[in-house]
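In what follows, a structure is listed as structure tokens, so that the remarks can point back to it.
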Amino acid sequence: MTPVQHPAPDPIEEQLLAAAEQGRISALAAKGQRDLQQCAAGYPDLFPPRPFDPALFGNVAMAIAFGAPWCDEAALRITNRAVLWGFAVDWQVDYVAKSREEIDLLAERCLAVADGATPAPDDPLGRFLAELRDDLAATPAFERYQAVWRAELGRVLDAMAREWDWKQSSGADGAPGALPDLEAYLDNADNLACTVVNVVHWIHAGDPVTLAHLDRLIEASGVVQRILRLVNDLGTYERDLRWGDLNALLLVADRDEVPRRIGTLVAQARELLTPLRETCPVQADYLARQIGFSSGFYRSTDFWGAL
């Protein structure tokens, strides 16, 4: 029997198809950016032009679009906005709040909103969160998984407050011992607000298979979040020095420890994601793409605009 001869791949056609797909995803990101800019315009006190410049909105939308390119604009709208809310609360905690009491009150208000409370008119962060909550509450899965979202939100707020404490302690007397070690720093990676966004994305999608494996996906997301924390730090070291932020490179005697730890965490993530690809491959790919996108993105830039 004569074997079937398959035509050789046409390299020009391959490039056309690859570029067309990248263009489609870029259009998805452009639509997301416009929505984020419109959203931010409704909260001018929450999103000052510096550092919330147009590039920040574009970077957020691009990261989400390339992370889940199989979704349409409507499916990614709440995910984009959840990321933007994370940037807003990070800004409020790190640069607007002047005391731990202010941060505790902010967290209390946010958790009350997550529980269904109506935010005060002078609480733009709470009002933005209430919008997210109401959009999420319109999905069938919300009633069952609201507590999961609320728990992840609490972890984010706790982690941001903890980092604020570390920065205040180290700044008070300059004592290196006031800073956390790398292990404690990574244990606090919820301050990146990555997993809480993923939970929003998964609840909103409402896929029964995804929700049936939500615990395992959250576990894997926690490892991915740690990787992103370190990849972020490698890319933002100079900015962190200027802004007075913590960075993993400030916490180790040997700077090579950070890329080594990334390698260890990537191997751990691979172990968690491999079996998930058998049960919920789309969401396993979603988490893997977060690692890949961030690894490329932070080689030359980061999300924040200039102060």
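The values are calculated or read from the model by the stated rules, or taken from the named source; none is laboratory data. From a predicted model like this one, the values you see are computed outputs, not experimental measurements. We place every Cβ from the backbone using ideal geometry, glycine too, and count neighbours over all the protein chains shown.
If a residue has to be assigned to a helix (DSSP H, G or I) and in contact with a helix residue (DSSP H, G or I) (Cβ under 8 Å, 6 or more places away or on another chain) to count, how many in the range 177-211 make the cut? Total meeting the criteria: 23. Criterion applied to G263, G296 was being in a helix (DSSP H, G or I), modelled with pLDDT of 95 or more, out of contact with any Cys (no Cβ under 7 Å at 6 or more places or on another chain) and at negative phi, and the one residue passing it is G263. If the condition is being under 17 Å from D215 (Cα atoms) and either among the small types (G, A, S) or in a loop (DSSP other than H, G, I, E, B) (or both), then the range 106-153 contributes A141, A147, A151. For the range 107-123, a tally of residues being hydrophobic (A, V, I, L, M, F, W, C) and either at pLDDT below 95 or more than 20 Å from D158 (Cβ to Cβ) (or both) returns 1. Among the conditions (1) of a type outside the set (S, T, N, Q); (2) free of Cβ contacts under 8 Å to residues at least 60 places away in the same chain; (3) part of a helix (DSSP H, G or I), R255 misses just one, which is (3).
Scanning the range 266-283 for residues that are in contact (Cβ under 8 Å) with a residue 60 or more places away in the chain and assigned to a helix (DSSP H, G or I), we see that the one that is surrounded by the most Cβ atoms within 10 Å (Cβ to Cβ) is Q283. Please determine whether any residue of the range 37-54 is assigned to a helix (DSSP H, G or I), within 16 Å of the chain's Cα centre (by Cα) and either farther than 30 Å from A120 by Cβ or not hydrophobic (A, V, I, L, M, F, W, C) (or both). No, every residue in the range 37-54 fails to be assigned to a helix (DSSP H, G or I), within 16 Å of the chain's Cα centre (by Cα) and either farther than 30 Å from A120 by Cβ or not hydrophobic (A, V, I, L, M, F, W, C) (or both). Among the residues that make up the range 216-223, is at least one of them of a type in the set (K, R) and within 21 Å of V93 (Cβ to Cβ)? Scanning the range 216-223, I find no residue that is of a type in the set (K, R) and within 21 Å of V93 (Cβ to Cβ), so the answer is no.
Taken as a whole, the range 229-250 holds at least one residue that is surrounded by 18 or more Cβ atoms within 10 Å (Cβ to Cβ), within 30 Å of A141 (Cα to Cα) and either in contact with a Leu (Cβ under 6 Å, 6 or more places away or on another chain) or of a type outside the set (S, T, N, Q) (or both). For the range 72-98, filtered to residues that are touching a helix residue (DSSP H, G or I) at 6+ places or on another chain (Cβ under 8 Å) and outside any helix (DSSP H, G or I), the residue that is nearest to E152 (Cα to Cα) is A97. Taking the condition over 16 Å from the mean Cα position of the chain (by Cα) and crowded, with 19+ Cβ neighbours inside 10 Å, does V93 pass? Yes; evaluated as a whole, the condition is true for this residue. Each residue in the range 110-143 was checked for being in contact (Cβ under 8 Å) with a residue 60 or more places away in the chain and exposed (fewer than 14 other Cβ atoms within 10 Å of the Cβ), and 1 pass.
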